[in-house]
Amino acid sequence: MSRAVLMIVLVAFGALTAVAVAQHGVLGIFAWQLQNTAGLQVLVDLVIALSLFLVWMWDDARRSGRNPWPWLVLTLAAGAFGPLLYLLTRRSPG
């Protein structure tokens, strides 16, 4: 994937996150997801997707000689920011 596309996504997602946190607070972001089953479904979907990415990222980092722990911790603490930054700093295979 193009680093330029990843950077655009990271900056746009960062801006959206900053606005959401400013308006609702960190806990407020999760409170919206817990109000009904539709929100809960989105939250569970995110957890499943990030879990799958963590498994892939762990294996990819170890194969490429990178320490996977910082990326795992960042993903658990900050969600999609971890995978986006991992992909931005990943060397292209080949």
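For this structure, a couple of remarks:
- Output for segment 37-46, where each listed residue is surrounded by 10 or more Cβ atoms within 10 Å (Cβ to Cβ) and not acidic (Asp, Glu): GLY39, LEU40, GLN41, VAL42, LEU43, VAL44, LEU46
- Residue list for segment 69-94, restricted to those being part of a loop (DSSP other than H, G, I, E, B) and not hydroxyl-bearing (Ser, Thr, Tyr): GLY79, ALA80, ARG90, ARG91, PRO93, GLY94
- Contacts under 6 angstrom Cβ, first residue in segment 66-86 being small (Gly, Ala, Ser), partner surrounded by 16 or more Cβ atoms within 10 Å (Cβ to Cβ), 6 or more apart: GLY82/TRP71; GLY82/LEU74; GLY82/THR75
- Any chance ARG66 is surrounded by 11 or more Cβ atoms within 10 Å (Cβ to Cβ) and outside any helix (DSSP H, G or I): yes
- Breaking point among (1) in a helix (DSSP H, G or I); (2) modelled with pLDDT of 95 or more, for VAL42: (2)
- Residue match in segment 22-36 (condition: under 13 Å from the mean Cα position of the chain (by Cα), of a type outside the set (Asp, Glu), in a helix (DSSP H, G or I) and surrounded by 11 or more Cβ atoms within 10 Å (Cβ to Cβ)): no
- Checking SER51 against (1) part of a helix (DSSP H, G or I); (2) over 18 Å from TRP71 (Cα atoms); (3) out of contact with any helix residue (DSSP H, G or I) (no Cβ under 8 Å at 6 or more places or on another chain); (4) not aliphatic (A, V, I, L, M), the condition it does not meet: (2)
- Just one of the numbered conditions (1) over 17 Å from the mean Cα position of the chain (by Cα); (2) part of a helix (DSSP H, G or I); (3) among the charged types (D, E, K, R); (4) surrounded by 15 or more Cβ atoms within 10 Å (Cβ to Cβ) is not true of ASP60: (1).
- Number of the exception - VAL11 against (1) surrounded by 14 or more Cβ atoms within 10 Å (Cβ to Cβ); (2) assigned to a helix (DSSP H, G or I); (3) without any contact (Cβ under 8 Å) to a residue 60 or more places away in the chain: (1)
- Candidates LEU76, LEU85 - the one that is surrounded by 15 or more Cβ atoms within 10 Å (Cβ to Cβ), touching a helix residue (DSSP H, G or I) at 6+ places or on another chain (Cβ under 8 Å) and among the aliphatic types (A, V, I, L, M): LEU85
The values are calculated or read from the model by the stated rules, or taken from the named source; none is laboratory data. Since the model is a prediction, treat every value here as computed from it, not as a measurement. With ideal geometry, Cβ positions are generated from the backbone for all residues, glycine too; neighbour counts draw on all protein chains shown.
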